[in-house]
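Written out below as structure tokens is the structure these notes cover.
Here, each number is a calculation from the coordinates, and none is a lab measurement. Here the structure is a predicted model, which is why all the values come from computation and not from measurement. Virtual Cβ from ideal backbone geometry, glycine too; neighbours counted across all protein chains shown.
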Amino acid sequence: MRAISEILPPQSLARFANLDLVARWIVEGFISGLHASPYHGFSVEFAEYRTYTPGDDLRHFDWKAYAKSDRTYVRLYHSETNLRAHVVLDCSASMDFGNPVTKFRYGSAIAAALSYLMIQQQDAVGLALFAEETVRYLPPKATLRHFRDMVAQLEAARPAARTRIGKTLHYLAETVRKRGLFVIVSDLYDEPEAILSGLRHLRFRKHEVILFHVLDHDELAFPYRALSEFKDLETGSRVQVAPAVYRPEYLKAIGDFATSMRRDCSNMLVDYTLVDTEVPFDKVLAEYLFKRQRLG
Amino acid sequence: MHFLHPAFLLGLAALSVPIVIHMVFKMKARVVPFPSVRFLQQVDRKVAKRQKIREILILVLRCLALAFLALGLAGPVLKPSTGSLGSSGTAAAVVLDDSYSMGMLDAEGPIFARARGLTRSILLTLQPGDAACLLTSRRTPVMSRDAGGLAAELEKMDVSPGAATLGPLVKAAADLLRRTPAAQRELYVVSDFQQRAADLQEADLVSPDFSTILVPVSSTRQDNLSVAALEALSPFATTDAPFRVRVVLANRGPGTVGRNLRIRVDDLAVAEQMLFPPARGTLAVAANLRFDRAGWKTVAAELENDSIPADNRRLLPVQVRPQLGALVCREGTQSARSYYLEKALNPHGAVNTGVTVATCGPAALGENDLSDFAVVFLVECLPASEAAGAALRAYVASGGSLVVVAGPGQDPKAFNEALGADDETGPLSPASFAGTSGTEQDPSSYQSIKEVDPRHPIFARLRRGETPIDLGSAAFYRIARVEPAEREGARVLARFGGGDPALVERPFGLGRVILVASALHTDTTNLPHKPGFLPFMLSVVAYLAQPAGTAGVLVGEPLRLQIPRERAPKSARIFRSASDVREVAAETSGNMAFFNFGPAEETGTATLEWSSADRLESRVVAVNVDPEEGSLERADPAKLAPAAHLVRDARELAALLGKIRHGRNLSGWFLALALLTALAESVLSNRFAFGRAAAAAPAASPAAPPAPPPAA
């Protein structure tokens, strides 16, 4: 089985305009790499039999069928969803950075793929796009039509304005009463205290939170050489920099920021993942599934 | 400090380039949209000041690198201090060794050509106004400010056949430099530093008044054969008898080398043989020559050309007579007294000495034409008449030779009267007869010859022959006691053991007289029975038969003719070739007249010609090279004067000239500084940290470790 990173590397997102299709490829490629049949959960309502495959949970092994027919089967059930998930995607101006794939495009692909995966697993998923405030909000549903609406919103969105993630999180924490899962995809260019305050609010409402801190490779490595004037995508402020001199201090500063975010998230039981836009989607989906499994 | 290539200083204008680039780039820095500028601003607060200092430092380093590069290419030289001598300019004296050993040939031609090239390079570095002098063995040392003229003169120079040593030239050059006012004085010695020619002391070479530069010019060849000697073994040459010559070859190299030796007589080859002298040794060969005509002949011994051609030829002028007549005058009744002498002069057997002996009585001396004889022997007798005595005096005065054999039986008074002084010419005999000594009956009174003048040609010939002759074994029973007429120029050639003169010589007019203080028969001595008697008598005849004066000289030695004043002409001529004739006037000193023809400059033969009385006299003189100049032994210049500068080739000389003439060249230092500053600039600018991968490496730290793969 080929991994999803081989089928659809992040750099190839630029070539595909149809986010719906991209999401399907990502999910199906990823799932097929993990398991032979991911479309059925193990719930209470029986669905069908399937030939036993080594590695299947023996709790679902049908011993009666084995005794009668001397064949090995496992029983599959239609899963029953009880998860309401929200994908919160940052569409501030700072997300419009990266070449060939911007952080926003990468985040959109993650949002679409996660949404598709959740809907396939009968989970209800909603979408919130934010910049200075929440610009789009789709309440959670578990239908493919809803998925297509989400994809349409994602494709229509354009990164702009400053990041106010704290304000958005507070808004969502107040709006969404029922406990659920929040998958936040952002570059976190807001005041750390505001971010943590928003997260803390979500956690206070008993929501589970997965935070994908998406950064472009150039932000992480700072590979510039020539004397340049760097212009902030959100504020427009400029600073003239000799990259060779600034690089060590810059890397230390951004490293410190990520470390402090990881530590603070960990204290709040928020799953924090730093994502390089050159990193394949497997990592992101694996993180989600890991969390989903813990949620039951 | 000044610059060899000042045009490169224009490169200093390039200093403006990094400044302009720095300012332009500062103004036109590329604008890069970036999301995390807040981190950069955070860093900027920390490193902005440091960055400014770094930028200025980089700019300074770039400017310095360019400046050092431009200065290095411009050839900066540090001029040495001109001292406090009170004058400006350079005075250079170049001692150029032009001895014939400098004509040694190797694959690149004669080493003198190389020496000439090195000398030219010295002269051409002089500036207008500088003084220079070129010293060779043939050039008068005079300072000149026309270096170009000296260089042109240098081009026409070639090796001389001389063997001058370096000492006199170096001393002359040092004196000249000390007399020349200049800020910088330089003494160059361009030579092969042959051991024999390097008669130099460190004090001669090194002085606080001038800088000394030794420029050895050497060849890799280690072979050279020389004709070290060509000498006559026969006492004289006649058309009747064979003339025996000896050739000595010297091998100067460390290996045995074969060469063809050819002997010529007046350019006609008469003998040829391949010879192999041993390494660093000599080989002597003898040859018999026959002359079919009388006159002056030139015998030449020649080797095939080798590394040093000049010493491959040697000349020997030979006067060939139809016959050599000797007149033996003795009492007619006492022929036994001259028996042994006559037999010695011409044994008439297998040995042909070439001497024709005639005899006569004392009375017949005036009747014979004595000029037909080369030598007259007066054996224990005296001229019988005044006419005979006058004829004898005239014969000797006109160039004839007389041997007076003083027998102990002669009357001393009669002897002294007959051969003593007369009013005009002085005594004919070189010594007066004082009596006798010893008796035949008393062996204790016997005497032998104990002391001889080894430099006199008579004894020198006896010593250098194939078998050295020693007369000391002969016993003399009775001898004539004589008293040399020293006031008249007589000199004792040999003495008996008791101190009495045995052989005395005196010039008389153009001729010479030799007195033998003993009879030559066996009643008074056993000398006639000794093997040395015949060679001794022939050596006496050979000496007397040759014209007085120089028979051969080496290059550089003076060519001189000496004639008694009363017979001397006003002038004499020297012929080197048909077109090279020179006449010199006589210089008188005492009773002799001298003709100085100057030093011999070229090898070959020269004919000296003068009128004497009513005859035209001539003599051929050979001018040969000093064979020792062909030696391959070289002195180590570094040991001659450790304090002097020593340069081994043209490149080292050029470097040294540049250093002492122009100063110390700092190009290398400046270029090295340019490289160092460029390297420092590169390090400071992180030019070596190329590529994204290297820059990305530190970025691993902020990224979290990947999560473990979840179970589905």
Any number yet on Rg/Rh for segment A:232-296, C-alpha, Kirkwood? 1.11
To check you understand DSSP bridge types, tell me what percent of the beta bridges within chain B (both residues inside) are antiparallel, rounded to 5. 65
With only helices counted (DSSP H, runs n ≥ 4, each -39500 (n - 2.57)), the per-residue ellipticity at 222 nm for chain B, to the nearest 500, works out to -7500 deg cm²/dmol
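Could you please rank B:SER445, A:SER228, placing first whichever residue has the fewest other Cβ atoms within 10 Å of its Cβ? Numbers along the way, then the final one.
Numbers: B:SER445 15, A:SER228 18.
Result, fewest neighbours first: B:SER445, A:SER228.
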Would you kindly work out the equivalent ellipsoid of segment B:181-242 from its C-alpha gyration tensor and give its semi-axes, the square roots of five times the eigenvalues, largest first in whole Å? 46, 16, 10
Can you compute the FRET efficiency between B:GLN201 and B:LEU283 using 1/(1 + (r/R0)^6), with r the Cβ-Cβ distance and R0 = 51 Å? Round to the nearest 0.05. 0.90
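Could the peptides B:7-13, B:244-250 be put in order, highest first, of the mean number of other beta-carbon atoms found within 10 Å of their residues? Write out the running numbers ahead of the final one.
Numbers: B:7-13: 13.1, B:244-250: 20.7.
By packing density, highest mean first, the sequence is B:244-250, B:7-13.
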Hey, got the dipole for segment A:89-227? About the Cα centre, +1 on K and R Cβ, -1 on D and E Cβ, debye to the nearest 20? 600
Inside 10 Å of the C-beta atoms of A:182-191, what's the mean count of C-beta atoms belonging to other chains? 1
Here the Kirkwood hydrodynamic radius of chain B, Cα-based and in Å, equals 32.7
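Structure shown: which of B:LYS297/B:LYS570; B:LYS343/B:LYS413; A:LYS103/A:LYS178; B:LYS28/B:LYS52; B:LYS450/B:LYS530; A:LYS141/A:LYS206 lie over 22 Å apart, alpha-carbon to alpha-carbon?
Numbers: B:LYS297/B:LYS570 28 Å; B:LYS343/B:LYS413 30 Å; A:LYS103/A:LYS178 30 Å; B:LYS28/B:LYS52 17 Å; B:LYS450/B:LYS530 16 Å; A:LYS141/A:LYS206 20 Å.
Check vs 22 Å cut-off fails for B:LYS297/B:LYS570; B:LYS343/B:LYS413; A:LYS103/A:LYS178.
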Evaluate Rg over Rh across segment A:144-296, taking Cα atoms for both radii and Kirkwood's formula for Rh. 1.00
Assuming R0 = 45 Å, can you tell me the calculated FRET efficiency for the pair A:TYR49 and A:MET268, based on Cβ-Cβ distance, to the nearest 0.05? 0.55
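I'd like to compare A:204-216, A:259-271, B:89-101: which one has the highest average count of other Cβ atoms within 10 Å, and what's the full order after that?
Details: A:204-216: 21.5, A:259-271: 15.5, B:89-101: 25.5.
Taking the mean over residues of other Cβ atoms within 10 Å, the ranking is B:89-101, A:204-216, A:259-271.
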Quote to one decimal, in nm, the extra length available between B:LEU4 and B:LEU676 on full extension: 0.36 nm per residue of separation minus the C-alpha distance between them. 239.6 nm
Which lysines have a Cα less than 16 Å from the Cα of B:LYS46, not counting those fewer than 8 places away in the same chain? A:LYS252
Here segment B:214-230 yields Karplus 3J(HN,Hα) values (6.51, -1.76, 1.60; θ = phi - 60°; whole Hz; Gly and Pro given as x) of 9, 10, x, 10, 10, 10, 7, 6, 10, 10, 6, 10, 10, 7, 6, 7, 9
Antiparallel bridge percentage (DSSP; both residues within the protein assembly as shown; nearest 5): 60
Using the 2.2 N^0.38 Å rule of thumb for compact globular proteins, work out how segment B:313-406 stacks up: its C-alpha Rg over that value, please. 1.17
Evaluated at q = 0.08 Å⁻¹: base-10 log I(q)/I(0), Debye formula over Cα of the protein assembly as shown: -0.93
Within 10 Å of each Cβ of A:207-218, how many other protein chain Cβ atoms are there on average? 2
Over all residues in B:338-347, what is the mean tally of Cβ atoms on other chains that come within 10 Å of each residue's Cβ? 0
Please arrange B:ARG221, B:ARG651 by how many other C-beta atoms lie within 10 Å of their C-beta, fewest to most. B:ARG651, B:ARG221
Need one number: nm distance between label points at B:LYS46 and A:PHE204, each 7 Å from Cα along Cα→Cβ, rounded to one decimal. 3.4
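Against the empirical 2.2 N^0.38 Å scaling, what ratio does the C-alpha Rg of segment B:484-523 come to? Before the final figure, lay out each step's value.
Working: Rg = 11.3 Å, N = 40, 2.2 N^0.38 = 8.9 Å.
Compactness ratio reported: 1.26.
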Please work out, to two decimal places, the log10 of the ratio I(q)/I(0) at q = 0.17 Å⁻¹ from a Debye calculation in which every Cα of segment B:597-669 carries one identical scatterer. -0.86
Each label point is 7 Å from the Cα along the Cα-to-Cβ direction; what then is the distance between the points at B:ASP442 and A:PHE290, in nm? 14.7
Report the calculated FRET efficiency for A:ARG177 and A:SER197 (r = Cβ-Cβ distance, R0 = 22 Å), to the nearest 0.05. 0.70
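To two decimal places, what compactness ratio does segment B:249-291 give when its Cα radius of gyration is scaled by 2.2 N^0.38 Å? Walk me through the numbers before you get to the answer.
Values: Rg = 12.1 Å, N = 43, 2.2 N^0.38 = 9.2 Å.
Rg over 2.2 N^0.38 Å, computed on Cα atoms: 1.32.
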What list of whole percents do you get for P(r) of segment B:6-67, with Cα-Cα distances grouped in 10 Å bins up to the one holding the largest distance? 18, 36, 27, 13, 5, 1
Residues B:PHE595, B:PHE276 arranged by fewest to most Cβ contacts within 10 Å: B:PHE276, B:PHE595
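How much of the calculated P(r) for segment A:181-255 lies past 17 Å, in percent of all Cα pairs?
On the way: 1604 of 2775 pairs.
In whole percent, the long-distance tail amounts to 58.
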What does segment B:355-399 give for Rg and for Dmax, in Å, if only its C-alpha atoms count? 9.8, 29
In whole Hz, the Karplus estimates of ³J(HN,Hα) for segment A:220-227 (6.51, -1.76, 1.60; θ = phi - 60°; x where Gly or Pro) are 7, 9, 6, x, 6, 10, 6, 4
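Give me the number: length gained by fully extending B:ARG463 to B:ARG565, i.e. 0.36 nm times residue separation minus the C-alpha to C-alpha distance, one decimal in nm. Spell out each step's value before the answer.
Details: separation 102, 0.36 × 102 = 36.72 nm, distance 3.34 nm.
Net length gain for the segment: 33.4 nm.
Show me the ranking of peptides A:273-280, B:103-110, B:316-323, A:88-95 by mean Cβ neighbours inside 10 Å, starting with the highest. Intermediate results must be reported in sequence, preceding the final value.
On the way: A:273-280: 20.8, B:103-110: 15.5, B:316-323: 18.4, A:88-95: 26.6.
Listed from highest to lowest mean packing, they are A:88-95, A:273-280, B:316-323, B:103-110.
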Compute the label zone of B:LEU656 within segment B:173-199: residues whose backbone N is under 16 Å from the point 7 Å along Cα-to-Cβ. B:185-194
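Report the semi-axes of the equivalent ellipsoid for segment B:152-220 in whole Å, largest first, where each axis is √(5λ) for an eigenvalue λ of the Cα gyration tensor.
22, 16, 12
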